[in-house]
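Here the structure comes first, spelled out in structure tokens, and everything after it is commentary.
Values quoted throughout were computed directly from the atomic coordinates according to the rules given, and no laboratory measurement underlies them. These numbers come from a predicted model, not from an experiment. Every residue, glycine as well, gets a Cβ built from its backbone with ideal geometry; the counts of neighbours run over all protein chains shown.
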Amino acid sequence: MSAAPSPADHRHRGLSTVMEEILGPIALFDWTFPHACSWETIRLGASPALALPASGDEEYFLRRFRSTGGHRALAAPGLSSKDAVQLEQVAGEGERLVVCVGSAEEFPAVASYLERRRHALLAPTHQRHLEKSKDWPRLRGYRTTRLIERSGGPSFFLLAPDQVMPERGSDRRVRSPDTELFDGDDNPIIVEASGLVHDGGYASEGDHQYSWLWTGPSSHFRLIPPHPAGRASRIELCVPRTEDRANLDRIAVQLNGRPVAHAVDRWSDTSGKIIIDLPESTLRPALTLVVPCMTADANSGRLLGVCIDKMIILQ
Amino acid sequence: MGLAHSHGDDRSSSDLERDVLNWFTPLPPARNGIADYASMLLREIARHTPCACYCEDALAEAPPDVEVRDPVQAFRHLGPHSRILHHVGNNRGHVFVLNALRRFGGVTSLHDLSLLYVNELDAAKPDALFGRMKTSSPALGDVYARHWRDNNFKTSANYVLFDMVDEILDTSDHVIVHSDFARKKLIATYGAGAGEKLTVIPHFAKPIPAASSRQARLELGLDPATPLILTSGFATNAKRFDWLIAAVADLRREGRAFRWIHAGEERPAEYPLSKEIQAHSDLSEVCTVTGYLSEDKLDRYIAAADIVVNLRFPSVGESSGTLARAFSAGRCCVVSDTAAYSEIPRDTVVHIPLFDSSPALRIALDALLSDRALRETFGRRARQYARTTLSIESIAQRYLAVVEHAQRSSRSKRQPIGAVNALSERGENAAPTVVEWTVDDHIPALSSLIKPPAADFQGVFWFTSADHFAKVMGDSPATVTRLSSPEVEIKAIGFSGSMDASRIGLRIAGYIHR
């Protein structure tokens, strides 16, 4: 792409900022979960709505999970009118729903539905497609915008209904009518407890500034980190508290149901950080923490394992 | 920090995965006899082939080099060519095994011949349970399932009438049972087709550390000279302590010196062992009930024993861990001549008949107590049996052979067996003799109902209710004698309902020799 503005002119504009400049307040629906672009949607906001696969073993397995720290069920967004109800409920009052798909090739599957509902669509793309306008995805009544990461990172196509575009502010920093630049987020990505996708029995607690969740009552706690195929990453789970030090001494970790090595960076007897390296080739990873000692909470009677307040992802 | 990955991806290592024998079973520390059994067997088989174990408890005690995996995510690692071995029992710890069998198929080691309870525990799918009751027994399932579903009404008869094993036979590539009794029972219930899937592999005898009787008695504070009779485990009705008490009370009255120790817990609600012993004043001074013992302590009592008594009636085909240990320890054992116990070689243990059992037991114990050489002869043969036929090495090889055989067989050829009406499958040419009898308090002898000459027969014994059936069958060992006297060869057995569903019919087909 052509030259970016000089550093002196630059203020940080992340992908979500740019999209909100174009569309106004947005709500995200990650159609591709858990396969491909949850990494990108987690960068866009802590709590994207997530879609279940259509059917099969994986769908059955994922039905046990809830997103947004355990507060929201995963949706089964088929395109039938019944399933569409779930999709329509994702966006709140005044929000524009943005459906995230895994690639431009997935457009045809959802195009007619989106056209009827006038939802926006976001798809990652290859550099070569950005250059040739004939390769750009198009929908009738939609305008296609290239969203290009300033330092050469992953880029996107955004398709927004025509009527949305004129409402954009006049002070936009637009490179061209069809192109916007955005700043990639820095490593590491931090997912607060309120943004975790897990199958534990307890939802996150706290508020929008600080949240935590306890594992339990089952000794098995499974969570799905945002982790695209083809990239290795390190995951650090922060445990500010557990009632029994054995839970850090003897905790077991599984990746996709098989034992995986981990390390514990201990802060105290009952707190620390669990560190797991995810290999490059892992698809659809599910991490399991197996907590050896569940403790009954004197006040609530809940069986508690370890408290997690954030997940840090480094690449 | 560098973290070494033991594993991570699934699909990329599919070639390696294909060689893995995938177990679905509970493992210790689960308090479950099958978990202990599977753990020991897994340790041995893992010496010969790579194994992984899908177990609900990820912290379970697996042998070295055996991965414990999450059964919920087994779908990521298993394919149509995976080698799979399930250990299915009738308790809560096996619900996940049953579900894995339904999903993936494979070879099943069947540890219980009645699986209604484990199906019931799979409470997430009650409708499926009721549906399977109908499949398990088409004649009765509909009525009993309706009672259960609509009125929450069930009785212990349900656990007799609906064994639910048909599903195991349908979904498994092959089924391992642990006695010929079990094999015959399943063939009798489900027809000859079931037999093609069945292989008998007895339970192995766990090697126990060699300990001399003298040393064990010293540690336990027992008199080294007095002969010791040992019983063990939960004191249940089926272990026939009533027969043993009558026999040893006679011996005591005759002045025979011995000590009897029951190494196990009482279940007074089921059988008040201590109370029954105390009712015989001359017995109470030579009898002791220890209460629950650790395995180590139990091994010491076995080593100290001269005679290990292990009776059963009625038997559902179970085997005894204590008995296997006693074989390993080279102890003289006395068992009932029934079910799986009948299959133990005659020169290895002393078999007590089911008829006039108590007098027979008295005679046997008298002979054994007075003849040390005789006891030692049986003990040597028992040890030899444990070290050969029942050795864990031998049993492991037999398991592997079954798994290999099942893998070679195409899964696509699997045919549902279902709850066939075994009676209708028989293809004898001559029309069988048909007998029908409404049962009052007892069942008449089959041989008295069928006139000579020798013939195939089909008999139906009608009971007024399931409770009536249970009472008649459970109250008297003579019932079994009447149905299975030596001239009667039973080929199939099953249940049916009367047209108005008011009666239960016990249907027996076979051949009577004259």
Determine, from the Cβ-Cβ distance of B:Lys451 and B:Asp242 and an R0 of 41 Å, the FRET efficiency 1/(1 + (r/R0)^6), rounded to the nearest 0.05.
0.65
Calculate the mean, over all residues of peptide B:55-66, of how many other protein chain Cβ atoms lie within 10 angstrom of the residue's Cβ.
2
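What does the C-alpha gyration tensor say about the overall shape of region B:312-386? Classify as rounded when a/c is under 1.5, otherwise prolate if a/b is larger than b/c, or oblate. List each step's numbers first, then the result.
Details: a/c = 2.18, a/b = 1.09, b/c = 2.00.
Since a/c reaches 1.5 but b/c is at least a/b, the shape of region B:312-386 is classed as oblate.
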Cα shape, region B:104-160, gyration tensor, a/c 1.5 rule:
prolate
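In the structure displayed, which of B:Lys185/B:Lys206; B:Lys154/B:Lys239; B:Lys125/B:Lys491; B:Lys154/B:Lys471 lie more than 23 Å apart, Cα to Cα?
Values: B:Lys185/B:Lys206 26 Å; B:Lys154/B:Lys239 26 Å; B:Lys125/B:Lys491 34 Å; B:Lys154/B:Lys471 16 Å.
The answer is B:Lys185/B:Lys206; B:Lys154/B:Lys239; B:Lys125/B:Lys491.
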Tell me the relative contact order for chain B as a rounded percent, counting alpha carbon contacts under 8 Å between residues six or more apart.
13
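Could you sort B:287-299, B:18-30 so that the peptide with the highest average Cβ count within 10 Å comes first and the rest follow in order?
Numbers: B:287-299: 14.9, B:18-30: 21.6.
Listed from highest to lowest mean packing, they are B:18-30, B:287-299.
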Listed peptides B:302-310, B:89-97, A:91-99 by packing density, highest first (mean Cβ within 10 Å)
B:302-310, B:89-97, A:91-99
Return the calculated 222 nm mean residue ellipticity for chain B, to the nearest 500 deg cm²/dmol, obtained by summing -39500 (n - 2.57) across DSSP H runs with n ≥ 4 and dividing by the residue count.
-11000 deg cm²/dmol
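Would you mind classifying region B:213-390 by shape? Square roots of the alpha carbon gyration tensor eigenvalues, ordered a ≥ b ≥ c; an a/c under 1.5 is rounded, otherwise it is prolate if a/b is larger than b/c and oblate if not. Walk me through the numbers before you get to the answer.
Numbers: a/c = 1.25, a/b = 1.12, b/c = 1.12.
It comes out rounded by the Cα gyration axes.
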Hey, what did region A:189-314 get for relative contact order, percent, Cα under 8 Å, at least 6 apart?
38
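Between B:Arg47 and B:Ser212, what's the calculated FRET efficiency when r is the beta-carbon distance and R0 is 30 Å? Round to 0.05. Before the final figure, lay out each step's value.
Values: r = 30 Å, r/R0 = 1.00.
That pair, B:Arg47 with B:Ser212, gives E of 0.50.
Could you work out, residue by residue across A:213-225, how many beta carbons of other chains sit within 10 Å of that residue's beta carbon, and then give the average as an integer? Don't jump to the answer; show the numbers that get you there.
Details: counts 0, 0, 0, 0, 0, 1, 4, 5, 0, 3, 0, 0, 0.
Going residue by residue through A:213-225 and averaging, the value is 1.
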Provide the gained length on full extension for the span B:Glu61 to B:Asp19, in nm with one decimal, where the gain is 0.36 nm per separating residue minus the Cα-Cα distance.
12.9 nm
Dipole check, chain B, charges on Cβ (K,R +1; D,E -1), about Cα centroid: among B:Ser212, B:Ile302, B:Pro71 the Cα furthest to the positive pole belongs to B:Ser212
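Taking each residue of A:289-300 in turn, how many C-beta atoms of other protein chains fall within 10 Å of its C-beta, and what is the average? Write out the running numbers ahead of the final one.
Values: counts 1, 5, 2, 2, 0, 0, 0, 0, 0, 0, 0, 0.
Partner-chain Cβ atoms within 10 Å, mean over residues of A:289-300: 1.
In debye to the nearest 20, how big a dipole does chain B give about its Cα centre with +1 on each Lys and Arg Cβ and -1 on each Asp and Glu Cβ?
Working: 58 positive and 62 negative charges, 130 e Å.
With only Lys, Arg, Asp and Glu charged at Cβ, the dipole is about 620 debye.
Could you order peptides A:288-301, B:261-274, B:106-119 by the average number of other Cβ atoms within 10 Å of their residues, highest first? Mind dumping the intermediate values first?
Numbers: A:288-301: 15.6, B:261-274: 17.5, B:106-119: 22.5.
The densest-packed peptide leads the list: B:106-119, B:261-274, A:288-301.
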When the Karplus curve 6.51 cos²θ - 1.76 cosθ + 1.60 is applied with θ = phi - 60°, which whole-Hz ³J(HN,Hα) does each residue of region A:307-315 get, with x for Gly and Pro?
9, 10, 10, 7, 10, 10, 10, 10, 10
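Apply 1/(1 + (r/R0)^6) to the Cβ-Cβ distance of A:Glu280 and A:Asp162, taking R0 = 51 Å, and write down the FRET efficiency to the nearest 0.05. Mind showing how you got there, number by number?
Details: r = 41 Å, r/R0 = 0.80.
With R0 = 51 Å, the Cβ-Cβ based efficiency is 0.80.
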